[in-house]
Each structure stands twice: as structure tokens, then as C-alpha cells.
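The values are calculated or read from the model by the stated rules, or taken from the named source; none is laboratory data. The structure presented is a predicted model; accordingly, all values stated were derived computationally and were not measured. Cβ atoms come from the backbone with ideal geometry, glycine included; neighbour counts cover every protein chain shown. Side chains are part of the model used for accessible areas, which takes the heavy atoms of the whole protein and leaves out ligands, DNA and RNA. Shrake-Rupley method; radii C 1.70, N 1.55, O 1.52, S 1.80 Å.
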Amino acid sequence: MKYLIEFIQTKEVTKASIFEHLKCTKEEARLVQYISKRYVGGLEELSILEILKDNYSSKEYLYLSKLELIKNLLDLGWLIQVSFGQVKAHDSSKLELLSTSVTPSISLLRLLEEGSLEISLPEVKPYTDHLEYLQDQFDMVALLHKIATFKQGFADNSLSIGRLKNKLSLLSTRIKERVKMTKTPIVVEEFFIEKELDEKEQRIFLALLKEEYSGGEGQFRDMNTLIELISFDEYEKIKNRALLEDGARLISDDIIDYEEILNMFGGVSRSFYLQEEVMQRIIHSKKSKKVTKLKLDALVQEQEIFEYLKPTTSLDDVVLNTKTRETLDNVIKQVDKDVFKKLKHWGIKDKRKGIDARIIFYGEAGTGKTMTAMSLAKTLKKPILSFDCSKILSMYIGESEKNVRKIFDDFKDLSKRAKVNPILLLNEADQFLSARSEGAGSSADKMHNQMQNIFLEQIEKFDGILIATTNLLGNIDKAFSRRFNHKIEFKKPRKKQRLRLWQFMLPENADYQEGFDIEDLTRYELTGGQINLVIKNTAYKVAVRKESLFGLSDFLEEIEKELGSSFDGDKSMGFKV
């Protein structure tokens, strides 16, 4: 307490050790000295009027002219204004201060106790391990949070914020210097370099890592809190939201992910976390790689049954019928905690929170069945494994039944090894879903019926999301129809939808002949897949010309070819916007 005792006993306040740190005038420092004496004497709060009358003459109300001094000390953050025991904002008029009291701030008490508020850093030495490095980084995260908290306060804490920013700068410089001196690799720094993360992305990562080490579901998972850590004004907050939106590098590169949580006001908030594979790499850097989660796409490359699909569009990017979108939205809402709670209470669901859905997409080729399945996967942030059901037929009797079981057994095995719950997409599932033969006598018919029975059994036991696509629904076996929760028809787009498809798919950067009107193309009843094909074929034709202008006649030629050569068996292409 030597700094406190020296300060309250000194007659010449400017000679006190802490004076230079107060950053105020001699007269203001004398008032701080008076308040500090009264504080250590047992008076936690002092009336501003009492302070002024004790230090200045009442003649001609001289003390009123000194209100500015109190106001400055409040602005500097050395005093806190209180009224009836409550902290007040001090953006009121000066005369209003007379009816309130003040108390020393935490910053002033620390200064009186420690003699300085400047950061005291130990000698710069190399890091001995990554935990020592992380401790410094976590201290930096704590400083960033403190700065953000100060900014949200009522009082003008500009001096305190300035000090914190100075500490932040010193600590940041010290971390960089220690990293340079460290010869052994630091796993987090290597990760930052590998992923090419900028400073703001690194701070988000470190904040989430701090949460993992503290083992909580705390404040640093919240989207707004993370944005506050990397933003120094309102404009930056708006701009920095992009770092935590879908499509941002941290999310698209599978570094972080989030859960959407329904808050008490009915809105949806996001809670972020580090992906498990990243966590294993950082926290268990010295352990065997056996603990690391295997990537699903790498596992799929080792087998021949499934195709790993990487969606590029969400449901918001696909032209869908209103009823179709409503049905898919209801499927998605199964993850809502209130919806799940109701379903569990009613006895409909008795497992962990998740989506259970068996869906049939049916309709003509090119109407967007496969694309919608992929877009649903992206919206749910789930991987999707596709199986072409035409591969199931085997020239050897008995092999097809085994292959049906193998589809589902291998799917479960891949999911378990990768620790994920992908969507299973069964493309062109007509032969599975069609009505079984009555009184079948041939070995081929018996095999087909047996294959369907196994398929029916596997669907019954399936846990998760299964989507089967088919061109025709009329011939579906009733037993299969009962096993699917949703049967969604994909119709040819109407004129209004065709207009949207043409508008989205036509090249934005291309040049078009004068008078070109998209409306002229919408009268042709094309599916989304056909429109996509027409545009591509037209582009190939126009690109070889010296003057590469798209004209209406170019498209009409390709439309005529497409309509004249369409086959019912064409493979569904899907479409996006």
C-alpha cells in the first residue's frame, strides 16, 4: 500500500509517484487525493456537493465553478457517479451532479494499490510448449472482451479503453516475439498458416478454443460476442458479420460450425463451436492420429458403392413449388428444441434430437429432384451420400439381395467411422419401389421380390434422413408408400418459374443482341435441367464466333433440338439458381 500512503500524505501532489498516471491537472489530482483520504477513512461514497464545499469557498458560490473538475475526473474514469446506491450515467448536466455522490473507480483503486496500470510483462523467452502459448493468447482474448464490455458501458471510459488497447498491443507484440524465438513447432500457429487465417479469423478461433479449454457453453460461443471481439465500431460490426455467415471461410473449410438455438423471445440465435477434428488436432496434438475423426469424403474414395456429393446450393437457391418448400421446412424444424420436446412428450420420438425422415421425390427428369436433395443437405449442414440404384442388378442370381443389405450396412459403417450422420440419397429407385409380382414363378421374379422385401425391411429400420428419387409414382408398391413420411412431386416449372430459371441461369457477363427478351424463351415448356442444357449448348456455339453475341435465334435452335430429342429415360439433372 506504499503508493496509496505516499499519495494521501504528500503535500505536493505533483511529486506523488502516481501523478503522471492520473493524466489530469494538479487541481484535479488534489480532489482525487481528498476523496482517497476519505475513502480509506471509511467513507465509500461522498456527496459531490460536500467535496466541493470542503475544498472551495462558498462565497459567491465559487464551488459551483469547480463542477467541471468533477466532470473531468468522471470522464477520465477515476470516479464513478452513484445515486441511491446505483451507478449512473454521467452524461447529465453539471448542476445535476450536485444531487449525486461519487466513489473511487476500480481503476483508481488499482492505481493506488499497484502504483501503475501499465501492463507488466515478464522477460521475453521462447515458449516451452503450446499450452504456454495458448495462455498468452487467452489473455489477449480476455483483454478484447474487456474492451468490448467497456464500450457498452454508460460512462465515457476512453482513458480505460486506451490503457487496455495499449496492453493489447504490448501483449500481441510479445506473443509474436516469443513465437519467433521458439524453435519447436506450435500447433496453433502451424494451423493458422496452413489455413491462411487472417487476424480476425484467428481471434474468433482462439475465443472458441478458450471456451473448449474452459469446458463451458459460455459467452464466447455467441455470434454477437464474437463479433464484438473483432470490431471497434458499429460499421466494423456490420462488416465482420460476414466472417460468421454461411459461406465464410471458417465455416466452409470445416474449421467451425454452429447450432441454431431458439431463444426466449422466439428468435433464432447461433452458438458456434470448433469442429471435432480441429479440436483433436489442437488439444491432443501429441496423441496418435487414431483419435482424429476420419473424413467421410476420404472414406468414400476407398469403396465403390457410394458417391460423395458436395452441395453448392441451399434450399434458398433452388426454385421450388411453395408446397414443396413448406414440406421441407417442416422436416428441417424437427431440430428445433421446442418441436423435439413436443414430439418426445407425445411419444413420437424417443431418441436423441435429430431428424428422422424417409422421403420420395418423384417427377419428370430435369425437374430438380437431385439438386433439391443436395440443397437440403447443405441447409442442414449434413454430408450426402448418393447411390445409383441401377447398379444393384447383378447377372448372378442371389447377388442382388446381398447388395441391398450391403448398401445399408456400408452406409452405417461409413457413418460410424466418420462420426457423422449423412443423408442417404437413392437415385432412380424405381425398381425398388415398384409393385411386387403376384404369384411370380420365374427365378428372376422371385429374386426381384426378395430384393424388395429386404429393401422394405432396411427402410423400416433406417435411422436418419433417406431420400429416394423416381420418375413415376403410379406403380409404387403400397407397402413402400406407407414407409415414407413424405412424397413430394416435382412438376415441370410453370411460365413464372421458367422466367426465374432463365433469369438465374443466363450468363451475367455475356453480351446479348439488341431487343433480346427473356419472355420469348419462357413460352417453351422446358424443365430446369433442359434450360440448363440449352444455355450451355448455346454458349458453346456462340463462344467460337468473333462477335460473341447471344441472340434469340441461337437459343431457339437449341430449344428445338432439345424438344425434338427428349427421351423419357434421360437422367435427372436438377437445377439451381
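In this model, which of Lys295/Lys412; Lys310/Lys491; Lys295/Lys391; Lys369/Lys561; Lys310/Lys381; Lys239/Lys381 are farther than 18 Å apart at the alpha-carbon? Table pairs above 18 Å Cα-Cα are Lys310/Lys491; Lys295/Lys391; Lys369/Lys561; Lys239/Lys381.
Accessible area per residue was computed with a 1.4 Å probe on protein heavy atoms; Thr100 scores about 0 Å². Which of the GluC sites (Glu not before Pro) found in region 188-243 are in a DSSP loop and have at most 14 neighbouring Cβ atoms, other than their own, within 10 Å? Passing sites in region 188-243 are Glu196, Glu217. Computed from the Cβ-Cβ distance with R0 of 51 Å, the FRET efficiency linking Glu113 to Asp253 stands at 0.65. The stretch between Glu132 and Arg270, if pulled fully straight at 0.36 nm per residue, gains 46.6 nm over its current Cα-Cα span. Apply 1/(1 + (r/R0)^6) to the Cβ-Cβ distance of Ser548 and Ser390, taking R0 = 60 Å, and write down the FRET efficiency to the nearest 0.05. That pair, Ser548 with Ser390, gives E of 0.95. Here the simple spin-label model places points 7 Å from the Cα toward Cβ, and for Asn330 and Asp139 these points are separated by 5.8 nm.
Among the listed pairs Lys195/Lys416; Lys416/Lys461; Lys23/Lys94; Lys210/Lys378; Lys382/Lys406, those whose Cα-Cα separation exceeds 18 Å are Lys195/Lys416; Lys23/Lys94; Lys210/Lys378; Lys382/Lys406.
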